[in-house]
1. If you take the residues of region 109-148 that are more than 16 Å from ligand 1 (Cβ to nearest atom) and charged (D, E, K, R), which of them is farthest from M20 (Cα to Cα)?
2. Please go through region 269-285 and give me each residue that is of a type in the set (D, E, K, R) and either free of Cβ contacts under 8 Å to residues at least 60 places away in the same chain or more than 13 Å from L245 (Cβ to Cβ) (or both), ordered by number.
3. Any residue at all in region 180-197 that is under 16 Å from L75 (Cα atoms) and of a type outside the set (S, T, Y)?
4. Say whether the condition of being at pLDDT 95 or above, more than 16 Å from ligand 1 (Cβ to nearest atom) and of a type in the set (K, R) is met by at least one residue in region 355-365.
5. Hey, could you check region 81-92 for residues that are open to solvent by less than 40 Å² (accessible area, probe 1.4 Å) and over 25 Å from the mean Cα position of the chain (by Cα) and say which is nearest to M162 (Cα to Cα)?
6. Those residues that are under 15 Å from the mean Cα position of the chain (by Cα) and open to solvent by 10 Å² or more (accessible area, probe 1.4 Å), I need them from region 183-193; list them, please.
7. I want to confirm something. Restricting to region 385-403 and keeping residues that are of a type in the set (V, I, T) and assigned to a helix (DSSP H, G or I), which single residue is farthest from ligand 1 (Cβ to nearest atom)?
Amino acid sequence: MIDAPLAQPATGGRYLLAAMTPRVGEFIALRRDIHQHPELAFEEHRTAALVADRLAAWGYTVERGVGGTGVVGTLVRGDASAPGARRLGLRADMDALPIQEASGVAWASTRSGLMHACGHDGHTAMLLAAARTLAEQGRFDGTLHVIFQPAEEGGGGALRMMADGLFERYPCDAIFAMHNMPGVPQGRLVFRDGPAMASSDYVTITLDGTGGHGAMPHRAADPIVAAASIVMALQTVVSRNVDPLQMAVVTVGAIHAGQANNVIPAQARLELSVRALDREVRALLERRIKALVHAQADSLGVTARIDWRPGYAVLVNTPAETDFAREVALDLVGADQVTLHGPALSGSEDFSFMLERVPGSYLLIGNGVAAGSGGSPTEPRPGACMVHNPGYDFDDDNIAIGAAYWVALTERFLRGAEAAAR
Ligand SMILES: [Zn+2]
Ligand SMILES: [Zn+2]
């Protein structure tokens with residue numbers, strides 16, 4: 001049953017927001033239910049079943065088990081094979097984190113050591129609220145794919161879904177995703193053109209030398225000296241090779257070698273975190289780090305092995321789709337609730353892989369500002385805690401805004417074919 005039928009679309013999108021608010025009670029309850037039952041990467045069985053069952057009940061064609069525990073729901077309106085008929089993908093993530101919750105909310109996690117500390121419960125609820133509204137009353141013509149992915153938190157669930165044929169089985173002309181952001185006023189929608197989140201690569205450097213007596217270094221090949229030399233040489237990559245107007249990070253976060261003052265060990269190991277906001281800078285970092293490490297090792301008589309493990313890619317929002325998404329937001333919530341071009345983030349997100357295949361845009365929705373920092377002076381809300389903090393909670397007031405945004409975006413994106421045909 002529909003709680004509050006939507007008014008006929010007028011020219012603006014604000015009607016949607018007003019109409020969505022009384023409909024979202026069910027989804028606030030659902031969000032809290034998901035929050036109470038957090039599941040780690042690729043273990044989102046309960047959450048995925050809950051998503052799939054509801055989508056099926058609302059008339060979606062549902063595929064379960066895409067890339068592990070991923071779910072895709074498809075809704076077609078009009079003639080999907082007509083020339084110019086468009087296909088839209090909306091993506092939410094479902095996984096939780098291995099954190100012991102300390103938010104104090106009544107719907108806190110019932111699972112020890114696990115919690116939804118990144119708001120993926122909220123992302124899932126917002127997309128479900130939109131999915132139901134679109135199934136019942138959506139005015140569009142084309143194909144909508146709602147994509148619920150597993151394992152965003154480092155597990156690369158997006159890549160797993162893509163390896164499972166996500167975009168071959170469910171082709172999309174554009175794809176969009178949304179993440180909540182504490183520290184930004186609740187409900188504010190934040191956009192950014194181009195690179196918006198950093199790549200993150202993991203590097204292990206193993207230096208093999210020749211161990212020996214600390215008193216006879218001339219009969220050893222010392223990997224500690226080589227490691228020290230490499231750590232210093234690596235400092236020149238950002239300072240001397242990267243364009244000073246570009247962002248890059250090379251951090252040696254761990255160095256392991258040796259046991260005793262009079263023993264030269266046979267091996268040393270370095271662990272690096274390497275980040276960039278530009279694909280070319282990322283490639284440059286890899287080239288220069290590899291060249292420097294091998295040259296330094298060679299010059300000091302040890303051999304270097306480099307295990308380069310690519311993490312998430314640079315997240316790049318395409319300009320046309322970001323403009324489109326921004327217009328939807330301006331129409332929905334008005335200019336005073338929209339940041340047209342927000343700052344880039346140093347965090348990483350595996351939606352970046354989807355954006356390497358399909359044009360689209362990733363936006364942020366403010367989760368609230370902490371007391372004393374410009375927000376409400378009297379009522380600190382759990383949502384103002386940074387994500388991945390044990391005190392964090394998704395702000396349920398965002399469900400109406402987020403869902404209305406997805407509905408508005410879908411109706412506008414998938415109206416193109418119908419309009420073009422007239
Ligand atoms: Zn997270
Ligand atoms: Zn997250």
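The values are calculated or read from the model by the stated rules, or taken from the named source; none is laboratory data. Remember, predicted model here, so these are calculated numbers, not experimental data. Quick reminder, even Gly has a Cβ in these numbers, built from the backbone with ideal geometry, and neighbours come from all protein chains shown. Only protein heavy atoms, including side chains, enter the accessible area calculation; ligands, DNA and RNA are left aside. Shrake-Rupley method; radii C 1.70, N 1.55, O 1.52, S 1.80 Å.
1. Per the criteria, the residue is R111.
2. Scanning region 269-285 gives R269, E271, R275, R279, E280, R282.
3. Looking for residues that are under 16 Å from L75 (Cα atoms) and of a type outside the set (S, T, Y), one finds none in region 180-197, hence no.
4. Yes, region 355-365 contains a residue that is at pLDDT 95 or above, more than 16 Å from ligand 1 (Cβ to nearest atom) and of a type in the set (K, R).
5. A85
6. Result: V190, R192.
7. Once the filter is applied, the top-ranked residue is I401.
Residues checked against (1) part of a helix (DSSP H, G or I); (2) touching a strand residue (DSSP E or B) at 6+ places or on another chain (Cβ under 7 Å); (3) open to solvent by less than 50 Å² (accessible area, probe 1.4 Å):
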site	(1), (2), (3)
V281	yes, yes, yes
H294	yes, yes, no
A297	yes, yes, yes
R305	no, yes, no
G347	no, yes, yes
